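To start, the structure itself, in structure tokens.
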Amino acid sequence: MRVAVLGAGAVGVTAALELASQDVDVTVYEQGTIESGSSGRAAGVCYDAYAGRIDARIGDRALARFQEFSGMNGFDFTLCPYVWLARENDEKRAAAIREQVPRMRANGRDVSLIDSETLRERYPALNVDSVAVAAIARNAGHTDPASYVRAVADHAVETGATILTNTPATLRAQSETIPNANTEIETPDGHESFDAVLVATGAHTKHVLAAADIPIPLKPYRVQALTTEPIAIDVPMLFDATGGYYLRPHGDGLLVGDGTEPIERDPDGWKREADEWFLEAIETHLETAVGRTFARDRAWAGLCTATPDGDPLLGEIAPNVFVAAGWQGHGFMRAPALGEMIAEQIVDGDGIEAFDPKRFDGDETFEIREGMDIG
């Protein structure tokens, strides 16, 4: 069996590794360099704290595989609790957290509510004075997403996959004269036929499939993050649902994210640098979270992708054409499991019904929903 994977992000290289491990002849085409897309700009926050049964299972498998891969080819995964909270005068999100925790526990997640005093004792640097409710997930951690992509790509090549960087590839549209064109890949060097194709090109996925007359409802949207200079502070990974920001340890400093813009963006024409309003907002967020601000190291923007119902598009979208996209900002943290799952479907044919991309016609209109809100 010969399979082409378009896109060398976290899901694409993981799928390539899994396919090569099953003796599939797999070639990955990447228009840029390894980790040059959304995966390289991801936050690296990873947890399994999901209230939905399918999401919890995927999160559990992803974290297990992150830990299995840790230490491989320069990749390291650091265990670290994940805390999410709502502050006073935000009863909507406070109620949502109280309702989530029992459902997460019913799915076998190691999560619990945590009172402010206990949280203060464990992490004295956190400002918990205005916290109405908080929860903690103990099976969680963080990593450098770019190092994961590089490490897994190297492992995929060692296992037998071919990865071609700086090689743009497109699908050909079917016609009466070329009935199997969807599984033909066209590159600057010509075209080549495969038994199956996986499109995992992130924000470009909709455009790539459109070239083969395959519509999908997918909207790229912009998010932003920054890192601080080294500081001496002990904090967990934190999501302040009221403030709408998150932070995590990053080396000897912090990585802080916010700046979601629910506006559809052109995947080829968007601003990669962080906005001034975002930088100012992060100062306020840090004051709220830890009572002080810190010197900035660097700041950037990235693209996430949204679907009408917030669930991924993962599976066969046309005969022998598979898609993996629409992560709502949760793609990297689940990539080890998602890549494994789509590889299994390509080989064996079994997928997740709830993620079936054919559940949509492809022309749906919808508003972008922020992936990290709990309200």
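The table that follows gives values for the structure above.
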| read-out | value |
| --- | --- |
| Search result, residues across segment 248-265 that are part of a strand (DSSP E or B) and in contact with an Asp or Glu (Cβ under 8 Å, 6 or more places away or on another chain) | GLY253, GLY259, THR260 |
| Tally, over segment 233-263, of residues that are among the hydroxyl-bearing types (Ser, Thr, Tyr) and over 21 Å from LEU119 (Cα atoms) | 1 |
| Qualifying strands (runs of 3 or more DSSP E) (wholly inside segment 63-155; at least 2 residues being surrounded by 21 or more Cβ atoms within 10 Å (Cβ to Cβ)) | 82-87, 131-137, 140-143 |
| Per-region count, segment 1-33, residues farther than 19 Å from GLY349 by Cα, of a type in the set (Val, Ile, Thr) and buried (at least 24 other Cβ atoms within 10 Å of the Cβ) | 2 |
| Residue list for segment 2-30, filter: in a loop (DSSP other than H, G, I, E, B) and either of a type in the set (D, E, K, R) or modelled with pLDDT under 95 (or both) | ASP23, GLU30 |
| Of all residues making up segment 156-176, the number that are charged (D, E, K, R) and surrounded by 15 or more Cβ atoms within 10 Å (Cβ to Cβ) | 1 |
| Scan of segment 332-351 for residues that are in contact with a strand residue (DSSP E or B) (Cβ under 9 Å, 6 or more places away or on another chain) and at pLDDT below 95, ordered by number | GLY349, GLY351 |
| Selection from segment 31-57 of residues that are under 30 Å from ASP266 (Cβ atoms), part of a helix (DSSP H, G or I) and modelled with pLDDT of 95 or more | ASP55 |
| Candidate set from segment 200-217 (those that are assigned to a loop (DSSP other than H, G, I, E, B) and over 15 Å from the mean Cα position of the chain (by Cα)); member that is surrounded by the most Cβ atoms within 10 Å (Cβ to Cβ) | ILE216 |
| Some residue of segment 293-316 being of a type in the set (S, T, N, Q), modelled with pLDDT of 95 or more, part of a strand (DSSP E or B) and crowded, with 23+ Cβ neighbours inside 10 Å | yes |
| Restricting segment 231-264 to residues that are surrounded by fewer than 19 Cβ atoms within 10 Å (Cβ to Cβ) and under 19 Å from the mean Cα position of the chain (by Cα), the residue that is nearest to PRO220 (Cα to Cα) | GLU264 |
| Test: PRO319 is farther than 18 Å from PRO220 by Cα, within 15 Å of the chain's Cα centre (by Cα) and not hydroxyl-bearing (Ser, Thr, Tyr) | no |
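Results for (1) more than 30 Å from SER193 (Cβ to Cβ); (2) assigned by TED's automatic domain parsing to the domain that holds TRP84; (3) without any contact (Cβ under 8 Å) to a residue 60 or more places away in the chain, shown as yes or no for each residue.
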{"position": "GLY291", "(1), (2), (3)": "yes, yes, no"}
{"position": "ALA295", "(1), (2), (3)": "yes, yes, no"}
{"position": "GLU316", "(1), (2), (3)": "no, no, yes"}
{"position": "GLY326", "(1), (2), (3)": "no, no, no"}
{"position": "GLY339", "(1), (2), (3)": "no, no, no"}
{"position": "GLN345", "(1), (2), (3)": "no, no, yes"}
{"position": "ILE374", "(1), (2), (3)": "yes, no, no"}
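The values are calculated or read from the model by the stated rules, or taken from the named source; none is laboratory data. Remember, it's a predicted structure, so these values are computed and weren't measured experimentally. Don't worry about glycine lacking a Cβ; one is built from the backbone with ideal geometry, like all the others, and counts go over all protein chains shown.
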